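Please treat every number below as a calculation from the coordinates, not as lab data. Treat the numbers as computed from the prediction; the structure is a model and nothing was measured. Quick reminder, even Gly has a Cβ in these numbers, built from the backbone with ideal geometry, and neighbours come from all protein chains shown.
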Amino acid sequence: MSHIHLNKLSLHLPIFDADSRLLRQVIFKRRTGGELSIDGNVVVKALEDITLSIEEGDRVGIVGHNGAGKSTMLRALAGVYAPTSGTIEVDGKISALLSPGLGMDMEDNGFENIINIGVMLGLTVKELQSRKDEIAEFTELGEYLALPVRTYSAGMLLRLAFAAVTIIEPDILLLDEGLGAGDARFAKRAQDRANGLMARARILVIASHSEAIVKDLCNKAMLLEQGRLVAYGDVPSVFEAYNKLNDEHVGGEIK
């Protein structure tokens with residue numbers, strides 16, 4: 001049975017060579033959401049002491065204000081960040097649709113990056129070679145697939161990344177709803193492909209600002225605020241807590 005278990009998970013991210021003046025501290029805090037610790041170095045407490053379980057069949061929406069830790073949580077679940085303390089236990093094959101360029105080698109060409117990412121996700125080179133034409137057709141990048149990806153536009157990078165991470169049939173799908181998909185026509189094709197993955201995945205975890213999307217897709221939600229877990233459970237209860245938290249904000253700061 002696929003599952004994700006977090007036990008007292010904390011993730012602290014050091015900011016090397018950062019100016020510790022007040023203005024810079026405020027900027028770092030607002031961009032990352034977590035608390036700051038300054039003891040010779042600047043450290044962002046991006047996630048702090050989070051314990052929860054996600055079981056097979058769960059569709060979990062991560063909600064919270066900008067900088068609350070939603071994207072950081074997805075990256076921690078995907079294995080991009082190692083915990084500073086606590087544990088993350090994952091049982092199941094993960095596919096993570098997070099940000100374009102994540103895990104890519106900018107000097108490799110498009111085909112090489114598809115192979116690299118596919119192998120990282122657990123596929124063999126033979127399997128990837130057999131699906132090369134299918135993947136190339138979906139990206140619609142044509143001859144650009146033979147060029148280094150450092151020459152790609154942001155939209156082209158996104159197409160390649162999306163094709164690469166949707167090769168596998170995941171047990172666990174991690175999705176950043178803020179990830180755009182370029183032009184409208186490709187966005188529709190990407191949405192159809194993502195919908196198919198979401199329907200087949202045993203577990204879905206999606207970060208979203210949209211109450212409608214979370215209510216439509218999810219049976220559970222988690223509310224993060226400055227890297228801490230405020231609420232976790234059924235969607236209506238979590239949004240009740242979220243709306244209460246919104247009421248406590250005045251001018252972007254908590255009372």
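Tabulated results
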| item | result |
| --- | --- |
| Using a Förster distance of 41 Å, the FRET efficiency for Glu169-Asn246 (Cβ separation, nearest 0.05) | 0.60 |
| Label-point gap, in nm, between Lys188 and Met1 - each point 7 angstrom along Cα→Cβ | 4.1 |
| Rounded, prolate or oblate (a/c below 1.5 giving rounded, otherwise prolate when a/b exceeds b/c) for segment 110-192 by Cα gyration tensor | oblate |
| Check: segment 97-201 dipole with +1 on Lys, Arg Cβ and -1 on Asp, Glu Cβ, in debye | 200 |
| Residue pairs, from the table Lys126/Lys215; Lys70/Lys126; Lys8/Lys244, whose Cα atoms sit over 30 Å apart | Lys126/Lys215; Lys70/Lys126 |
| FRET efficiency estimate (nearest 0.05) - Cβ-Cβ, Glu140 to Asp91, R0 30 angstrom | 0.25 |
